[in-house]
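Each value in this text was obtained by applying a stated rule to the coordinates, not by laboratory testing. Here the structure is a predicted model, which is why all the values come from computation and not from measurement. Using ideal geometry, Cβ is built from the backbone for each residue, glycine included, and neighbour counts are taken over all protein chains shown.
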Amino acid sequence: MRLGVFVNDLRGNEGILDRLKAEKLGVFLVENGIYHAVIKENGKVSPVIQKQEADYYCLTSDLQTRGLTASEVADNVNVITYDSLVDLMMNDYEKLIWL
């Protein structure tokens, strides 16, 4: 199964993400979830974006709304537009869930 997961909160969701098994896992950081892509604590990135077998995405519009830029995003997170998000949802993932 190809699973897309939306994370819209800064609360730790890493425990849930670690338990998810999929042939392809995409994690969409939206709204306040984008902070996982830019905030570092003690020099380390958020545990939410550390799962090796996942593709990570955050929305440009959510970054801009919060006064952040793509250059501040962790290297393993793809910055995408809303149109790209829709394309990914429709073409690359069979099931979508929201955390």
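Over the chain, what relative contact order in percent results from Cα pairs under 8 Å that are six or more residues apart?
36
Using a Gaussian network model on the chain with a 10 Å cutoff between Cα atoms, which of Ser71, Ser61, Ser84 fluctuates the most?
Greatest mean-square fluctuation among the candidates belongs to Ser71.
Across the range 19-99, how many lysine pairs, 8 or more positions apart or on different chains, have C-alpha atoms separated by under 24 Å? Please give the number. Working shown, then result.
Working: Lys21/Lys51; Lys21/Lys95; Lys24/Lys51; Lys24/Lys95; Lys40/Lys51; Lys51/Lys95.
Pairs that pass both the separation and distance tests number 6.
Run the helix sum for the chain: -39,500 (n - 2.57) per DSSP H stretch of 4+ residues, divided by residue count, reported at 222 nm to the nearest 500 deg cm²/dmol.
Details: 4 runs with 26 residues, N = 99.
Only helices count here, giving -6500 deg cm²/dmol.
Taking the simple approach of a point 7 Å from Cα along Cα-to-Cβ for both Lys51 and Asn32, what is their distance in nm?
2.1
(1) 20.3, 73; (2) 12.5, 37; (3) 13.4, 42: which one is Rg and Dmax of the Cα atoms in Å as calculated from this entry?
(2)
Excluding the sites themselves, what is the longest stretch of the chain that contains no trypsin sites (Lys or Arg not before Pro) in a DSSP loop with at most 16 other C-beta atoms within 10 Å?
Working: sites that count: Arg11, Lys21, Lys51, Arg66.
Within the chain, the longest run free of exposed trypsin sites (Lys or Arg not before Pro) spans 67-99.
Set the Förster distance to 22 Å, then compute FRET efficiency between Ala70 and Glu94 from the Cβ-Cβ distance, nearest 0.05.
E(calc), rounded to 0.05, equals 0.20.
What GluC sites (Glu not before Pro) does the range 1-36 have in DSSP loop regions with at most 11 other beta carbons within 10 Å? Mind showing how you got there, number by number?
On the way: sites: Glu14, Glu23, Glu31; in loops: Glu23.
Those satisfying the criteria are Glu23.
Pick from Val38, Val73, Val86: which is most flexible by mean-square fluctuation in a GNM of the chain where alpha carbon atoms under 10 Å apart are linked?
Answer for the Gaussian network model of the chain: Val86.
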